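First comes the structure, then the notes that go with it.
The values are calculated or read from the model by the stated rules, or taken from the named source; none is laboratory data. Only a predicted model underlies this, so the values are computations on that prediction, with no experimental measurement involved. Cβ coordinates were reconstructed from backbone atoms using ideal geometry, including for glycine residues, and neighbour counts include every protein chain displayed. Keep in mind that these areas ignore ligands, DNA and RNA; they rest on the heavy atoms of the full protein, side chains included. Shrake-Rupley method; radii C 1.70, N 1.55, O 1.52, S 1.80 Å.
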Amino acid sequence: MGWRPPGWLLALPTAVVYGSLSLFVSILHNVFLLYYVDTFVSVYKIDKLSFWIGETAFLIWNSLNDPLFGWLSDRVFLSTQEIGAEISPPDVILKRLKALSWNGPLFALSFLAFWVPWARPGLQFLVCLCLYDSFLTMVDLHHNALLADLAVSARDRTRLNFYCSLFSALGSLSVFLSYAVWNKEDFFSFRVFCVALASWSVVGFTVATWLLRQRFAADGNPRGTRDSSLEELYVEKPPVGEERRTTLAEYLRQLSRHRNFLWFVCMNLVQVFHCHFNSNFFPLFLEHLLSDRISLSAGSFLLGVSYIAPHLNNLYFLSLCRKWGVYAVVRGLFFLKLGLSVLMFLAGPDQIHLLCLFIASNRVFTEGTCKLLNLVVTDLVDEDLVVNRRQQAASALLFGMVALVTKPGQTFAPLVGTWLLCFYTGYDLFQRDPLSPAVSARPWLEPPVPHVTWAPSLRQGCFYLLVFVPIACALLQLLAWSRFTLHGKRLQVVKAQRQSLVQPWAQNVKVV
């Protein structure tokens with residue numbers, strides 16, 4: 001007979017089921033980010049050399065696996081197939097859902113590998129990081145690619161992204177629950193908690209991908225309840241012509257001539273840098289700018305808000321995107337970042353309430369901007385398809401190429417930040433007292449308590465970092481964003497050309 005889900009599950013809109021996949025990623029990934037370093041440093045006692053070897057290998061693999069997996073996933077879509085052997089868009093979606101149905105549970109299992117010692121700490125650290133990032137990359141690439149494959153119109157894509165943000169906010173609650181069971185002296189409760197999270201994620205991925213696959217199976221005939229609000233889901237008509245295969249070298253040449261792609265990755269590189277700068281130096285700003293002015297609970301509240309507020313705030317941003325367009329909203333956020341930073345600089349470091357608001361809002365707005373940029377990448381997927389006359393959109397590959405160019409910003413953030421702080425104050429964050437406690441999620445960036453004679457200059461240096469980095473980032477981003485032309489009339493033309501590829505039976509396939 002087989003398993004039959006309850007009727008209310010079958011009746012869920014496609015956007016809700018698609019967005020729920022973000023929940024099953026975020027409940028694990030937020031816990032990973034918060035605890036994996038402290039676990040290996042404080043619990044498994046990894047040595048410094050092994051730690052840096054593992055981090056270096058991870059940074060290299062983290063940058064290369066996005067385009068590698070994107071190419072392996074989408075290379076077949078870059079070929080014009082023989083007549084009668086075309087790959088229809090329902091097949092593309094089913095291929096991505098099948099990949100998610102396997103990689104999602106494997107991602108959850110790789111998450112569990114961190115919390116039980118099974119090898120020497122250095123070897124386990126390296127293997128776990130690379131394995132975890134590999135499955136996370138596969139999940140992210142196919143999930144993001146579906147955003148471009150499921151819908152064309154900005155209205156439908158913002159609706160899909162809306163539910164992703166909503167479920168990501170719910171997934172962030174796992175961070176708060178984890179505080180109740182985190183104990184470095186007694187790790188059993190935390191391990192049980194992680195097993196429960198991973199089990200929930202495995203079940204969630206299995207059920208969600210099964211539901212979506214039912215709606216695009218059977219030669220494009222939908223199953224289950226239709227969702228009339230996703231009216232512009234489409235099916236493309238493959239071009240008719242002689243067989244031609246696009247090589248990786250040719251694809252890279254095409255991408256190098258894609259001006260909007262180049263300006264976007266320049267802007268996004270700065271955005272990735274700023275997001276990770278805020279994450280890396282958030283504890284530093286709290287300690288040296290606010291620790292003697294606010295209570296410990298207030299500092300914990302600011303840290304907690306910084307995890308959840310970007311997702312909730314993004315719900316409002318997406319409503320603005322429906323009205324004004326993604327380009328205008330992102331440009332407005334850049335101007336807001338610039339204006340708030342200048343205001344904070346003029347107010348000075350002694351305005352404590354304003355300083356608390358700025359530290360929190362700076363991270364919230366920056367993270368919120370990052371979450372809107374997937375919509376811009378989907379527009380670039382449309383333009384790439386139209387300009388290069390592809391049979392199918394290489395969605396996962398384009399997301400991977402964006403990641404290849406922008407992920408170095410993750411490495412630049414701590415390097416540039418620590419260099420600037422040392423330049424301003426002469427204080428080196430890496431020279432820390434080995435006996436001082438590591439309280440942050442990234443202890444190698446956590447400074448020791450400074451000598452009394454250093455305190456004024458260190459505080460002033462932290463304040464300069466806090467305000468000048470956003471000002472510089474905003475100016476660079478506004479410059480690059482002003483050269484980005486995929487908005488307004490041009491975007492309408494691109495979407496109209498992609499919509500013209502719709503076959504007469506398209507609405508019977510993807511209106512679910």
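Scoring 162-169, 466-473 by mean Cβ neighbours within 10 Å over their residues and listing the highest first yields 162-169, 466-473.
Take 478-485, 374-381, 35-42 and order them by the average number of nearby Cβ atoms within 10 Å per residue, most first; the result is 374-381, 35-42, 478-485. Loop-located trypsin sites (Lys or Arg not before Pro) across region 335-410 with a Cβ neighbour count of 14 or fewer within 10 Å are Arg389, with loop assigned by DSSP.
With 20 Å as the limit on Cα-Cα distance, the pairs of Lys323/Lys495; Lys184/Lys407; Lys95/Lys495; Lys323/Lys371; Lys45/Lys184; Lys45/Lys407 that go past it are Lys184/Lys407; Lys95/Lys495; Lys45/Lys407.
Across region 12-218, Cα pairs under 8 Å and at least six residues apart give a relative contact order of 46 percent. Each of the peptides 204-217, 346-359 was scored by the mean count of other Cβ atoms within 10 Å over its residues; in descending order, highest first, they stand as 204-217, 346-359.
Residues in region 12-218 average 37 Å² of solvent-accessible surface per residue, probe 1.4 Å, ligands and nucleic acids excluded. Kirkwood radius and radius of gyration were both taken over the C-alpha atoms of region 12-218, and their ratio Rg/Rh is 1.02.
Look at the dipole of region 12-218 built from charges on Cβ: of Leu197, Leu112, Phe69, the Cα furthest out on the positive end belongs to Leu197.
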